[in-house]
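Down below is the structure, laid out as structure tokens.
The values are calculated or read from the model by the stated rules, or taken from the named source; none is laboratory data. Since the structure is predicted, the reported quantities are computational estimates derived from the model, not experimental observations. Backbone-built Cβ (ideal geometry, glycine too); neighbour counts: all protein chains shown.
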Amino acid sequence: MTATRVPPKRYKWALDSTTRGKPDRSSDLASPPGYNPSAGQVYTEVTRESDPNHLIIKKSWELALGPLKQVPMNLFIMYMAGNSISIFPIMMVGMLIIRPVKALFTMQNTFKMIEGSHAAGQKFVYFLGNIVSVALALYKCHSMGLLPSHSSDWLAFVEPQMRMEYSGGGMSLI
Amino acid sequence: MKISEELNGCISRMWLRSPIVCLALLLIHLNLSYGLYEDQIGKFDWRQMYVGHVKFAEFDTVSSVKKVFVSTEENVVAALNLKSGNIIWRQVLEKKEQGTIHFMNITSEAVITVSGTNPVNVRGWDLNGGFLLWDWSFPLHVFISSEEENKWFLSDTELKLYHISLGSEIIVKPYELTSGRALEGSKLPLPLASKPSCVVAAPYIACIESVGGNPILHTVSITAVNSKPVSKPLKPLIENTEVTLESVHGSQPLVSVTSSGSKVKYLFLIEETGSRVLPYQVERSAKLVQDSLRESNILLQLLYTNEWFDVLTSNLLTGEPIPDVTSSLKYPHDRLGPPTAAAAVCTPRKDKGLGCRVLFSTTDHAVGMFHYPGKLIWVREEALASVVAVEMLDLPVSDTEAAIEKEFDHKETGFGGMFTHRLLSQTLQLRLLILSILGLGDPPSAGQRAGLVRDEFGLHKMIVIATGVGKLFGIDNLSGEIVWRRRLENVASYSSQNQMILYVQRTTRHFPHPAQCALLARHKVSGEGVIFTFNPITGQPAGSESVTLLGYQIQQSMLLAFTDDNFLRGILLLDQKEQLHVLPSSAHSVAVKSAGSTFIFTADKNTGILAGYSLLFSNSQKLEATRVWEVKLTQGKQRLTAVVSKSPVERVHSQGRVLGDRSVLYKYINPNLVAVVTQGFDPVHKNFLNLYLVDVVSGSVVFSISHKKAREPVHIVHSENWVLYSYFSDKSRRTEIVTLELYEGKVQSNTTAFSSVASPIQPIVDQQAYILPGNIVAMKETITEKGITSKHILVALANGGVLELPWMFVDPRRPITVTPEMREEGVIPYMPELPVPSESIINYNQTVQRVQGIHTAPSGLESTCLVLVYGLDLYYTRVAPSKTFDVLKEDFDHFLISAVLLGLTVVSYITRKLASRKALKQAWK
């Protein structure tokens, strides 16, 4: 990227000083070997992209992709934490879950920074990234057994069965 | 991850290698020690020791500390304090026939007892300490089992014990008292024509017989060599041939003779030369007793008429009354039965004259001491040594709370009515408050004054006890004091199981209706059923003053499941003709309403038949029990020995059990399930024992199991979804405990209702057997209000301890090979032998003898269960199977906590003030 960024400026400047005879020359003379007239057109395109608007979009994309980029890292942390319930894994899972949830809640503030033509997509990607993080954290909770996802977790709320018949008696008293 | 995995692996290997280590680890983790701190001794518990119904009594006339020795029908020898009636020492002999005491007497050194049948034991007990001085036994063939045919005589000058067997001829066989060496015996040359009735009037034997319509009194000395019998015709005095001869307990050889129809008793003093008739007669109904002191000539006649207990003291030889001592006393006839004198002693008092102490026992098994002239000194309620039924009831609410309750007891009257009612009741309460402050209010109720009101935690209860002689007691559970007692006449327990049935018809919750209990028993003579309803808090009868005769024999009984408008539950009775009755008759409509869902069953001990009855065919006129099923569980000589159903007040909180993979195994909680035990003998398997789990509504046998070479004692505990039973294994000669647990499976077939009839389910049964190093005499499970607290099993051991055994230890799911899932589930690996740690003995060193049963009752606290162990002794305590999780610890420092809180609040205020001042100063700078 940096290599392509520098030459256009030089060319722009060079273009100013040699504009006059350029069309004639190009029509009269054969192009020197290795010269490609279409190369300039590429540069003009780049020129168009490199305006401040383009920078904003790029910056926004970085922001939008941030959560997704953390996913592999989170996966690694999750793997390292293990499934046993002790203070460190709990803390890690807590962090995993709190960060994306916080991000989701402060999404309005974050979206203010996202501008440009791709804003809608970026917002969606950012949201998606956070959701993926939350899902991952939930999966971790599940595998650690912290989610009430089994029937045993609801056992305390099971009502006793109602008695349909009443019986009594015992050993004969005669 | 890696590390934890390795650790897990290491643990699992360790588990496998040494289960003991694991168990120890687990024990440490679970902290299952239920010991008591030293300062808690006697704080939550009490023990009352009893001796039983007095059979023989002797005053101590030898040792310096005066006491009275008694031996009882419960096979107990004891010394009682003369002044207080407390037990100085007590020795409990063998159970049943082997410990039956035939004779007791004292020498200058020891109390001598003769007990047992096969062989006969002669024991000497130290007078002061009660320890065994010597013990020897007779060979078997000497003894003829009937008590009438064997008489005993102790000669304390010669130190010989004479055994007199009254067969066709009278054989006297002396033994050396301390060594038991048999001396040469002799035949007494009594000229007897027919079988006489004989008594021992030491040192003579007196026999009476009728020859040709003339009663003749024969007397002969036991001790003298070549003694000549002397016969004396009673012709001028007594004409009647039906004569009764009684020996008068005391120092002189005195017998009384009375004939049927005669109003008087004649007294004969026996001498070497023959019997001498005394020149006076005594009333026939008088109980006679002589002064126990040697060389004394005092005869006491005790006359009991309704409310008065008179004593006539006279000179034995002349019949002249001794004026000082002759007096009458008011007898507490409402709480004690008619008395019989057991022994008496008269001693000169400091201020000239004579003082006599009379030990008496009553028909209702109480024993007491009169002092003449003077008063009743003490009474011991020995009926409490034969408890047959127990209930624990909440006490009624206090007067102020009752006033509040009144506000809510009226029927719904709409918004306006409720509002005015509220205003009225609150003004009333305000008025009461003001009046009570000024000291003008109504006096508090009797219960309130006695402190018999419900406490916050429901720990204060009333223990209602029915005893084998038909005496009811109300005992305060915190102090152990008898609050009320009521004597019922002619009431006996059901002979088949020696039990009476005590039903709680209404608890104390339904203010203003008082609580009501009913006692079902048998009439002593006719055998028909009797019922007595009473208020369990005061002991006052609810209906008639005494027992009500039902007019039929009770075969089976049950409490109705539903209450009537007055919150009273009726009692359903099945008589011997399979007719159904309901008591009180006002509960008839309730019984009819619920007839479709009511079933009653009965198990016949002799035939081994279990039969179930349905009430479905009842109509509003008549209740009818129709036999709907019948199961015969025994064959040949097998016996049906026990039927155990679940506690009707039990509640199960958790409907399932969480497994290692976090799924649920649902419990099979069938409220109609009973455990039935049959025992028999088989030439191959010797004694065998079968246990059946029978659904008594449908009559289906849900599960059955058989044990070879197993015999009694069998004890069963049936609760929630499990059954626990113990038996003695003949093969390995040890007590084994088997547990069965019933599960529905991973899904509940019906989540809302349980029906035994509609689509019955076959439960999955887990079972496991354990060894208990000890002999079990009684077992019971703990019970709590909501059933959240884990269950423990209380096991009364023969050594007098009561063991609290966590259910976890006898869990049938304890695995032999430990899998990670099992470990996840939290079960301990299987070990056959159950631990009996001494800190799990809930009665620490308060040994309880001859336990008959254990009664458990929930308290208001979910964590706490109240326990009463009964038998010869009463022992009350409370246990907390899951520790007291719902109360603050006793040593909780309320003061420190409140001081710290207060301090912090004060400091925060001060610092706020200081901070604001500083901020102000800063602002001015």
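Annotations
- The set of residues in the range B:654-685 being within 8 Å of chain A (Cβ to nearest Cβ) and not β-branched (Val, Ile, Thr) consists of B:SER654, B:GLN655, B:GLY656, B:LEU659, B:ARG662, B:SER663, B:PRO671, B:ASN672.
- For B:VAL649: the one exception among (1) within 13 Å of another protein chain (Cβ to nearest Cβ); (2) touching a residue at least 24 places away in the same chain (Cβ under 8 Å); (3) not acidic (Asp, Glu): (1)
- Within the range B:837-864, the residues that satisfy the criterion of being more than 26 Å from B:VAL76 (Cβ to Cβ) and in contact with a Leu (Cβ under 6 Å, 6 or more places away or on another chain) are B:SER840, B:ALA857, B:SER859.
- Any pair with Cβ under 8 angstrom, 6 or more apart, that starts in the range B:879-906 at a residue that is touching a residue at least 12 places away in the same chain (Cβ under 8 Å) and surrounded by 10 or more Cβ atoms within 10 Å (Cβ to Cβ) and ends at one that is outside any loop (DSSP other than H, G, I, E, B) and acidic (Asp, Glu): B:VAL879/B:GLU804; B:PRO881/B:GLU804
- Among residues of the range B:487-500, those that are surrounded by 15 or more Cβ atoms within 10 Å (Cβ to Cβ), of a type outside the set (Lys, Arg) and either in a loop (DSSP other than H, G, I, E, B) or more than 13 Å from the chain's Cα centre (by Cα) (or both), counted: 8
- Scoring B:PHE617 on the criteria (1) outside any strand (DSSP E or B); (2) more than 14 Å from chain A (Cβ to nearest Cβ); (3) over 24 Å from A:SER167 (Cα atoms) leaves a single failure, condition (3).
- Filtered by the rule that a residue be among the charged types (D, E, K, R), surrounded by fewer than 17 Cβ atoms within 10 Å (Cβ to Cβ) and either closer than 30 Å to B:TYR494 by Cα or touching a Lys or Arg at 6+ places or on another chain (Cβ under 7 Å) (or both), the range A:135-172 gives no residues.
- Some residue of the range B:563-579 being in contact with a Cys (Cβ under 6 Å, 6 or more places away or on another chain) and either farther than 15 Å from A:MET171 by Cα or assigned to a strand (DSSP E or B) (or both): no
- B:SER165 being polar (S, T, N, Q), at pLDDT below 80 and part of a strand (DSSP E or B): yes
- Flag not set for B:ILE238, criterion: out of contact with any Leu (no Cβ under 6 Å at 6 or more places or on another chain), within 21 Å of B:LEU278 (Cβ to Cβ), at pLDDT 80 or above and among the hydrophobic types (A, V, I, L, M, F, W, C).
- The range A:89-106: number of residues that are among the hydrophobic types (A, V, I, L, M, F, W, C) and out of contact with any helix residue (DSSP H, G or I) (no Cβ under 7 Å at 6 or more places or on another chain): 5
- Filter pass, B:LYS83 being charged (D, E, K, R), at pLDDT 50 or above, in a loop (DSSP other than H, G, I, E, B) and under 19 Å from B:SER292 (Cβ atoms): yes
- Just one of the listed residues (B:VAL644, B:VAL674, B:VAL696, B:VAL631) is surrounded by 15 or more Cβ atoms within 10 Å (Cβ to Cβ), at pLDDT 90 or above, out of contact with any Ser or Thr (no Cβ under 9 Å at 6 or more places or on another chain) and not polar (S, T, N, Q), and it is B:VAL644.
- Members of the range B:655-673 that are under 29 Å from B:ALA603 (Cβ atoms) and either in contact with a Cys (Cβ under 7 Å, 6 or more places away or on another chain) or not in a strand (DSSP E or B) (or both): B:TYR668, B:ILE669, B:ASN670, B:PRO671, B:ASN672
- Enumerated helices (runs of 4 or more DSSP H) restricted to the range A:87-174, each holding at least 3 residues that are more than 14 Å from every other protein chain (Cβ to nearest Cβ) and modelled with pLDDT of 85 or more: A:87-105, A:119-144
- Taking the criterion of being closer than 20 Å to B:GLY680 by Cα, among the small types (Gly, Ala, Ser) and surrounded by fewer than 16 Cβ atoms within 10 Å (Cβ to Cβ), the only residue of the range B:723-773 that qualifies is B:SER732.
- If you filter the range B:743-795 down to residues that are in contact with a His (Cβ under 6 Å, 6 or more places away or on another chain) and closer than 23 Å to B:SER706 by Cα, you find that the one that is farthest from the other protein chains (Cβ to nearest Cβ) is B:ILE776.
- Top-ranked residue in the range B:246-293 [being among the hydroxyl-bearing types (Ser, Thr, Tyr) and without any contact (Cβ under 8 Å) to a residue 40 or more places away in the chain; ranked as nearest to B:ILE106 (Cα to Cα)]: B:SER256
- Condition check for B:SER292: within 19 Å of B:ALA342 (Cβ to Cβ) and within 40 Å of the chain's Cα centre (by Cα): yes
- In the condition set (1) more than 15 Å from the chain's Cα centre (by Cα); (2) touching a residue at least 12 places away in the same chain (Cβ under 8 Å); (3) buried (at least 18 other Cβ atoms within 10 Å of the Cβ), A:TYR126 is compliant with all but (1).
- Picking from residues in the range B:442-479 that are more than 21 Å from the chain's Cα centre (by Cα) and on the phi > 0 side of the Ramachandran plot, the one that is modelled with the lowest pLDDT is B:GLY451.
- Condition met for B:PRO512 (more than 14 Å from chain A (Cβ to nearest Cβ) and either at pLDDT 90 or above or surrounded by 15 or more Cβ atoms within 10 Å (Cβ to Cβ) (or both)): no
- Single condition B:THR634 does not satisfy, out of (1) in a strand (DSSP E or B); (2) more than 12 Å from chain A (Cβ to nearest Cβ): (1)
- Members of the range B:527-582 found to be within 30 Å of B:ASP604 (Cβ to Cβ), among the polar types (S, T, N, Q) and within 14 Å of chain A (Cβ to nearest Cβ), listed by number: B:GLN553, B:GLN555, B:GLN556, B:SER557, B:GLN576, B:GLN579
- Qualifying residue in the range B:383-399 (condition: among the acidic types (Asp, Glu) and in a helix (DSSP H, G or I)): yes
- Taking the criterion of being under 22 Å from B:VAL68 (Cβ atoms), basic (Lys, Arg) and either part of a loop (DSSP other than H, G, I, E, B) or in contact with a Cys (Cβ under 7 Å, 6 or more places away or on another chain) (or both), the only residue of the range B:282-321 that qualifies is B:ARG294.
- Residues of the range B:103-113 that are crowded, with 19+ Cβ neighbours inside 10 Å and more than 18 Å from B:SER251 (Cβ to Cβ): B:ALA110, B:THR113.
- Enumeration of residues in the range B:583-601 that are within 25 Å of B:VAL757 (Cα to Cα), hydrophobic (A, V, I, L, M, F, W, C) and at pLDDT below 90: B:VAL590, B:ALA591, B:VAL592, B:ALA595
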